[in-house]
1. Is region 77-88 home to any residue that is of a type outside the set (Val, Ile, Thr), at pLDDT 85 or above, out of contact with any His (no Cβ under 6 Å at 6 or more places or on another chain) and closer than 30 Å to Lys28 by Cα?
2. Mind listing just one residue for me: the one in region 38-58 that is in contact with a Pro (Cβ under 8 Å, 6 or more places away or on another chain) and touching a residue at least 12 places away in the same chain (Cβ under 8 Å) and, of those, nearest to Thr9 (Cα to Cα)?
3. Could you please find all residues in region 61-112 being within 30 Å of Pro39 (Cα to Cα), free of Cβ contacts under 8 Å to residues at least 24 places away in the same chain and either in a strand (DSSP E or B) or over 26 Å from the mean Cα position of the chain (by Cα) (or both)?
4. Does Lys41 satisfy the condition of being farther than 20 Å from Gly16 by Cα, exposed (fewer than 13 other Cβ atoms within 10 Å of the Cβ), in contact with a strand residue (DSSP E or B) (Cβ under 8 Å, 6 or more places away or on another chain) and of a type in the set (D, E, K, R)?
5. Among the residues of region 1-41, count how many are assigned to a helix (DSSP H, G or I) and either touching a Ser or Thr at 6+ places or on another chain (Cβ under 6 Å) or among the aliphatic types (A, V, I, L, M) (or both).
Amino acid sequence: MSTRPFFDTAREIRRGQFLEDCAAELQKAVRAVDETGKPAKLVVTMTIKPASKGQGAYVISDKVAAKLPELPVGETIMFGTPEGNLQARDPRQGEMELKAITADAPQAAQLKTVNG
């Protein structure tokens, strides 16, 4: 009795959709690794159950999932108001009145020669 190659059997699961799902999840994983520089994991699970007792028929179910690395998400510091709202400006701090100052361009000074 010879052993049938795994991919010959896998190709028939869900009429080929199983392998297409594997390829799609693998592609997602590779892109996430490229984007984050962190590892990903592709998990393929196949469950084989008897379709009926002793009849030689089996029910195959599968699950394909990629565990993708995530990019760090930025954080924002916000301040609470007495009303329970959030805002970017600290309500306990006063406003600073800033004014633009225009200055004339500095004049170039003449260089002096020093005898030493």
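1. No, every residue in region 77-88 fails to be of a type outside the set (Val, Ile, Thr), at pLDDT 85 or above, out of contact with any His (no Cβ under 6 Å at 6 or more places or on another chain) and closer than 30 Å to Lys28 by Cα.
2. Among them, the one singled out is Ala40.
3. Of everything in region 61-112, those that are within 30 Å of Pro39 (Cα to Cα), free of Cβ contacts under 8 Å to residues at least 24 places away in the same chain and either in a strand (DSSP E or B) or over 26 Å from the mean Cα position of the chain (by Cα) (or both) turn out to be Ser61, Lys63.
4. The answer is yes for Lys41.
5. 10
The values are calculated or read from the model by the stated rules, or taken from the named source; none is laboratory data. Since we're looking at a predicted model, the values are computed, not measured. Positions of Cβ are generated from backbone atoms using ideal geometry, with glycine treated the same way; all protein chains shown enter the neighbour counts.
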